[in-house]
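Q: Have a look at this one.
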Amino acid sequence: MALDRSIIGREWPGETLLITRSRLRAFAKATGQADPRYTDVDAAIQAGHRDLPVPPTFFFSVGLEAPDPFRRFTELGIDLRTLLHGEQEFRYHRMAYAGDELATRSRIVDVYEKKGGELQFLVDETDVTDQDGAAVATLRNTTVVRRLPGVA
Amino acid sequence: MTTWEVGSELPNLAIEPISRTTLALFAGASGDHNPIHIDIDNARSAGLDDVFAHGMLSMAYLGRLLTNAFPQERLRSCKVRFAAITPVHAQPTCRGRIVSIDDSTGERLATLELSVTLGDGTRTLIGEAVVALT
């Protein structure tokens with residue numbers, strides 16, 4: 001499956017995610033986060049926050065809220081088993097907290113290949129905004145599509 | 001108060017071996033349900049021996065490294081390249097070091113070099129973060 005540069009510029013709109021304390025606590029548990037500022041509202045407030053903060057890499061999860069978050073790959077005929085995460089960048093504009101409703105808007109910004117097509121790269125950017133429309137974070141994600149022996 | 005300068009190292013963050021339970025919890029909590037990380041049958045059908053950890057799990061550990069040292073609101077950016085996959089049961093260690101400080105903009109902005117390394121020496125993530133020191 002060869003990716004075509006004509007898909008550069010393709011956009012897909014906003015998934016939204018109402019950030020809950022329970023989701024942030026589940027993320028803290030899964031990532032071994034023992035810092036109480038990320039699980040205990042009083043500790044968070046003591047540290048100057050207005051609620052549990054959304055941790056630095058959780059913004060990646062907002063875009064995964066779609067019913068089929070990998071659709072941008074599957075609709076191009078890409079088998080999910082061939083995907084590797086290549087690079088990830090976050091630029092931070094403001095903090096977000098439990099209670100905020102975050103939305104995303106994404107676009108494909110680059111497509112290229114290496115090793116004679118053995119590895120293909122798809123780069124997308126995502127803006128994360130809060131319920132007031134304020135910019136919270138900008139993400140840049142490079143996905144690698146590789147050839148695997150068991151996958152056509 | 002820690003005095004940060006070029007060459008300062010953050011305290012290393014050593015992670016317990018990554019269990020299948022951690023991968024399952026992270027799949028649910030992060031919303032990345034790609035079965036390649038949680039279902040050995042799916043991994044084998046792609047010619048792999050076993051499941052491997054989500055790259056974003058290791059990046060979340062780097063996030064912990066940073067917020068252990070700096071209030072999160074001081075974090076301006078963070079980026080990584082995923083250089084190798086992290087097998088289940090691998091034991092990552094996160095490291096960070098200040099490589100430059102720029103105070104030309106009114107803020108003291110430190111650039112940190114970040115890495116995640118496994119017990120066998122494999123470097124899985126290589127990255128950079130920018131943090132406002134004041």
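Q: Quick one: would you say A:GLY133 is modelled with pLDDT of 95 or more and over 17 Å from the mean Cα position of the chain (by Cα)?
A: yes
Q: A follow-up question, please. Any idea which of (1) within 14 Å of chain B (Cβ to nearest Cβ); (2) farther than 30 Å from B:PRO71 by Cα is the one A:LEU76 doesn't satisfy?
A: Evaluating A:LEU76 over (1) within 14 Å of chain B (Cβ to nearest Cβ); (2) farther than 30 Å from B:PRO71 by Cα leaves (1) as the failure.
Q: Inside region B:40-63, can you point out the residues that are outside any loop (DSSP other than H, G, I, E, B) and either aliphatic (A, V, I, L, M) or touching a Phe, Trp or Tyr at 6+ places or on another chain (Cβ under 9 Å) (or both)?
A: Matches in region B:40-63: B:ILE40, B:ALA43, B:GLY55, B:MET56, B:LEU57, B:SER58, B:MET59, B:ALA60, B:LEU62, B:GLY63.
Q: Name the one entry in B:ILE101, B:ILE85, B:ILE36 that is among the aliphatic types (A, V, I, L, M) and in contact (Cβ under 8 Å) with a residue 60 or more places away in the chain. Working first, answer last.
A: Values: B:ILE85 fails: in contact (Cβ under 8 Å) with a residue 60 or more places away in the chain; B:ILE36 fails: in contact (Cβ under 8 Å) with a residue 60 or more places away in the chain.
From the options B:ILE101, B:ILE85, B:ILE36, the qualifying one is B:ILE101.
Q: What's the total number of residues in region A:42-67 that are part of a helix (DSSP H, G or I) and more than 8 Å from chain B (Cβ to nearest Cβ)?
A: Total meeting the criteria: 8.
Q: Having 1 or more residues that are more than 8 Å from every other protein chain (Cβ to nearest Cβ) and surrounded by 16 or more Cβ atoms within 10 Å (Cβ to Cβ) is the bar; report the strands (runs of 3 or more DSSP E) wholly within region A:81-152 that clear it.
A: Of the strands (runs of 3 or more DSSP E) lying wholly inside region A:81-152, those with at least 1 residues that are more than 8 Å from every other protein chain (Cβ to nearest Cβ) and surrounded by 16 or more Cβ atoms within 10 Å (Cβ to Cβ) span A:101-114, A:119-129, A:135-146.
Q: Let me ask you something else. Test A:ASP42 against the criterion of being over 24 Å from A:ALA135 (Cα atoms), at pLDDT 95 or above and either out of contact with any Asp or Glu (no Cβ under 6 Å at 6 or more places or on another chain) or crowded, with 18+ Cβ neighbours inside 10 Å (or both), and give yes or no.
A: Yes.
Q: Within region B:10-30, identify whether any single residue is within 7 Å of another protein chain (Cβ to nearest Cβ), assigned to a loop (DSSP other than H, G, I, E, B), of a type in the set (A, V, I, L, M) and touching a helix residue (DSSP H, G or I) at 6+ places or on another chain (Cβ under 7 Å), and answer yes or no.
A: yes
Q: Spot the failing condition for B:PRO87; the list is (1) farther than 23 Å from B:VAL6 by Cβ; (2) of a type outside the set (A, V, I, L, M, F, W, C); (3) surrounded by 20 or more Cβ atoms within 10 Å (Cβ to Cβ), and only one is missed.
A: Status for B:PRO87: all satisfied but (3).
The values are calculated or read from the model by the stated rules, or taken from the named source; none is laboratory data. Quantities reported herein were computed from a predicted structural model and do not represent experimental measurements. When we count neighbours, we look across all protein chains shown, and the Cβ atoms used for this are built from the backbone with ideal geometry, even at glycine.
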